[in-house]
Amino acid sequence: MVKPLCACLALISLTLITACQPQPAVDPSLLLVSNVSVVDVEAGAVAPGQDVFLRDGRIAWVGRAGTSELPEPGRSFAGDDLFIIPGLWDSHVHVFSTEGEPDFALPLYILHGVTSIRDMGALISLDDQREVNEQIETGARIGPRIINAGAMIDGPPGSWPGQMVASTPEEGRARVREAAALGWTSIKAYSLLDPETYRAIAEEADALELPLYGHVPESVLLTGAIAAGHDVIEHFGRVTKACSTEEQAMIEGARAALASDDPFPALMAEMATHAFTTLETWDAEICDGAIAALVESGVAIAPTLMVADFYLGDDPEPDDPRLQTVPQSVRAAWGEPDFRRTAMTEDLLAIAPDAVQQDRDTFKRAHDAGVIMLASSDAAFLNPFLFHGATLIDELERYVLVGLTPREALATATLNPARLFGEESETGRVRQGQRADLVLLRANPLENISAVRELEAVIANGRVFDRAALDDLEATLRLRANSDASN
Ligand SMILES: [Zn+2]
């Protein structure tokens, strides 16, 4: 169903075939990155003059340049004047949202130094997704490692095609068991679930030791989700709503809408009023209570702050180079009126900037209080102007704009996801024993987060993409996007 990048490209031109050859003239099983500055995100410090020795896709040794007692490595990569950081994570993406999307999306992550992603919902089966994972792992396909987390359960009638739907606690439990039997290792709750069904899903997921991700349903209080054992809440706005003196009233409004004859439009109408209510009734004391509950429970948030730009109408210029790596057909769809934007009334548009600012302020407040944040883009061809790879970088810059330090922003894309997803021994640090998922930068990202744009090389699963290889990859994607061969 999904073709590997190389198989499709081979038909197009010699340039493309060249770009698909094993990358590049460096033996990935044995590599010395010499005399590089190692960025320690945890300590917020840089250790200059280090050698990083990679063997069989792992970091075999890190230490002062020239002092390794390891055998002479096969190849070396000069790290002089470069900074090495752990490969980045994007903790909320949709790479399987449309046919052919992985062929573009997956290499775009590598192109931006993103070596791990959590996929939050898809049109294709888990088996087909795992086939893609396997192709990446074996090197047949260029892409990041993927956590497949798209087992979505929604209330009736469902918000998107492909979701499981549950309208009673019994059905909710059954859907969780079915997902587990299919091999899913987590559950994603969605907005239309009623409170009882949601709690049953949470209980069943807990019994089967599946983490619970996803939206806090519109009919559930934030504290209700925390009590139910929700592990990662997607999109920050739900926390801001819990800072309102009227959260309970808004939840009851949502419940009434869901119980009506035509629940979906009723809920949409109800939700439109919540933006005004939240803006007018945000309360610092209530907010700090909600935030304290999140900190105490260890619930993490995938904030997806860049999504706000879409609602503000802050679209990229037509000549934005990122558009050139998006297939023509998708670009055309992004130019059409979007149902999410056309649903916004004049009044809603008028308050949008203030609502977004309130969201950002609350995000900063929650972060500073200790809520675990997971850098996340919500990139998908179905989500206009949220770019695979590039938007994660924008998101990190957004965190700094909102007030995080560059070190704190980097932690949301390295240390935090590694810890949250149980991969601390595998990724998130430049440390012996970790996977060789690394990024080499020409500037120090602890001084300026925009240094993550200054890529000199990306090492993904031990495979090295130097600057020339990254440029080749980008040229390949542009050519394909503009010929739209997959569509
Ligand atoms: Zn999403």
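Table for the structure above
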| read-out | value |
| --- | --- |
| In the stretch 49-135, the GluC sites (Glu not before Pro) that fall in loop regions by DSSP, at most 16 other Cβ within 10 Å | Glu69, Glu99 |
| Placed amide H near Leu82: partners under 5 Å, 5+ positions off or other chain | Ser37 |
| Cα centre as origin, Lys/Arg/Asp/Glu Cβ charges: the stretch 197-304 dipole, Debye | 120 |
| Candidates per GluC sites (Glu not before Pro) in the stretch 151-242, loop by DSSP, up to 15 other Cβ within 10 Å | Glu209 |
| Cut-off under 5 Å, modelled amide H: who pairs with Leu54 long-range | Leu31, Leu32, Val33, Ala60 |
| Taking the convex hull of Cα positions in the stretch 366-418, its mean projected area over all directions (nm²) | 3.9 |
| The stretch 88-420, accessible area per residue, ligands and nucleic acids excluded (1.4 Å, Å²) | 37 |
| Of all accessible heavy-atom area on the stretch 88-420, the percent that carbon and sulfur account for (1.4 Å) | 53 |
| Cα centroid of the stretch 332-353 to Cα centroid of the stretch 98-140, whole Å | 30 |
| Binned Cα-Cα distances of the stretch 287-328, short to long, each 5 Å bin given as a whole percent | 5, 16, 13, 15, 14, 10, 7, 9, 10, 1 |
| Amide H within-cut-off set for Met152, under 5 Å, with H built and near neighbours excluded | Met164, Lys188 |
| Hz values of 3J(HN,Hα) by residue in the stretch 49-58 - Karplus curve (6.51, -1.76, 1.60), Gly and Pro given as x | x, 10, 9, 10, 9, 10, 9, 6, x, 10 |
| Using θ = phi - 60° and Karplus 6.51 cos²θ - 1.76 cosθ + 1.60, couplings along the stretch 272-284 (whole Hz; Gly, Pro as x) | 4, 6, 5, 4, 5, 4, 4, 4, 7, 10, 4, 9, 4 |
| Cβ charges +1 (Lys, Arg) and -1 (Asp, Glu), total dipole of the stretch 88-420, debye | 800 |
| More than 28 angstrom apart: percent of Cα pairs within the chain | 53 |
| Solvent-accessible surface ranking, highest first, for His112, His94 at 1.4 angstrom | His112, His94 |
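The values are calculated or read from the model by the stated rules, or taken from the named source; none is laboratory data. Bear in mind the structure is a predicted one, so any value in this text is a computation, not a measurement. For neighbour counting, all protein chains shown are included, and Cβ atoms are generated from backbone atoms with ideal geometry for every residue, glycine included. Side chains are part of the model used for accessible areas, which takes the heavy atoms of the whole protein and leaves out ligands, DNA and RNA. Shrake-Rupley method; radii C 1.70, N 1.55, O 1.52, S 1.80 Å.
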